[in-house]
Amino acid sequence: MFRVVRTLGLAFGLLAAVIAAQAPEFAQQYTQRLGGALDELRRSIASLDADAQATGRSREEALTLLRTNPDAFIARRGESARADVERLKRLEAQKLALDTAASPLGRLGVLARDPDMSIARAAYRDYQPAVPTTADGLVAGLLGFLAAWGGWRVTSDVGRHLARRSRRARPETTPV
């Protein structure tokens, strides 16, 4: 029985290693999508800024004019443009945090803290698993293995210990 439990723990650890090793690849694919989103937002906002400047307005004045327009369509477009400006600021801050992370594994922490969910969903939807050939993928895999295997060992050792205790605690019955 103990060998089966140990084998299951090893299998569980290996599965966790394979899954954890995908995290750096996902972060890399997320970062590529983040770059594309930033490029598109910058293009859109540059167009807004150019139109504002051509009419002698600042970006804020143009946004206020759009958002307060009595035409519901134009007001909604103004609100969308304001949301794009705010999203650009958030995504630029995230890109900076990703670029300045202490290590590639540190990028995972940045993503875990505050992902842009639309980018994360798109990256997940199109994600292609990769064999971890980088040091980061191997380290992430090793960490995943150790966490799962170690957790399994602790859980199975505690369970085995409790089973032994309950067997010892049972009073012996003598046949009549």
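The values are calculated or read from the model by the stated rules, or taken from the named source; none is laboratory data. Note that the structure is predicted; figures quoted are calculated from it, not measured. Using ideal geometry, Cβ is built from the backbone for each residue, glycine included, and neighbour counts are taken over all protein chains shown. Side chains included, ligands, DNA and RNA excluded: accessible areas come from the protein's heavy atoms. Shrake-Rupley method; radii C 1.70, N 1.55, O 1.52, S 1.80 Å.
Set Lys and Arg Cβ to +1 and Asp and Glu Cβ to -1, take the dipole of region 1-132 about its Cα centre, and tell me which of Ser118, Val4, Ala23 lies farthest positive.
Val4
Just the Cα atoms of region 29-125: what Rg and Dmax do they give in Å?
Calculated on Cα positions, Rg and Dmax stand at 16.1, 51 Å.
What is the dipole size for region 31-98, taken about its Cα centre, with +1 at each Lys and Arg Cβ and -1 at each Asp and Glu Cβ, in debye to the nearest 20?
220
With a probe of 1.4 Å, find how much accessible area region 1-137 has per residue, and write the answer as a whole number in Å².
Per-residue accessible area for region 1-137 comes out at 65 Å².
So, with +1 on the Cβ of K and R and -1 on the Cβ of D and E, and no other charges, what is the size of the charge dipole of the chain about its Cα centre, to the nearest 20 debye?
I would put it at about 1320 debye.
Between the alpha-carbon centers of region 101-142 and region 22-73, tell me the distance in whole angstrom.
26
List, largest first, the extents of the alpha carbons of the chain along their principal axes, each in whole Å.
Its Cα atoms span 103, 42, 26 Å along the three principal axes.
Which percent of the accessible heavy-atom area of the chain goes to carbon and sulfur, probe 1.4 angstrom?
Carbon-and-sulfur percentage of accessible area, whole number: 61.
Restricting things to alpha carbons, find the Rg to Rh ratio for region 58-103 using the Kirkwood radius for Rh.
Result: Rg/Rh = 1.26.
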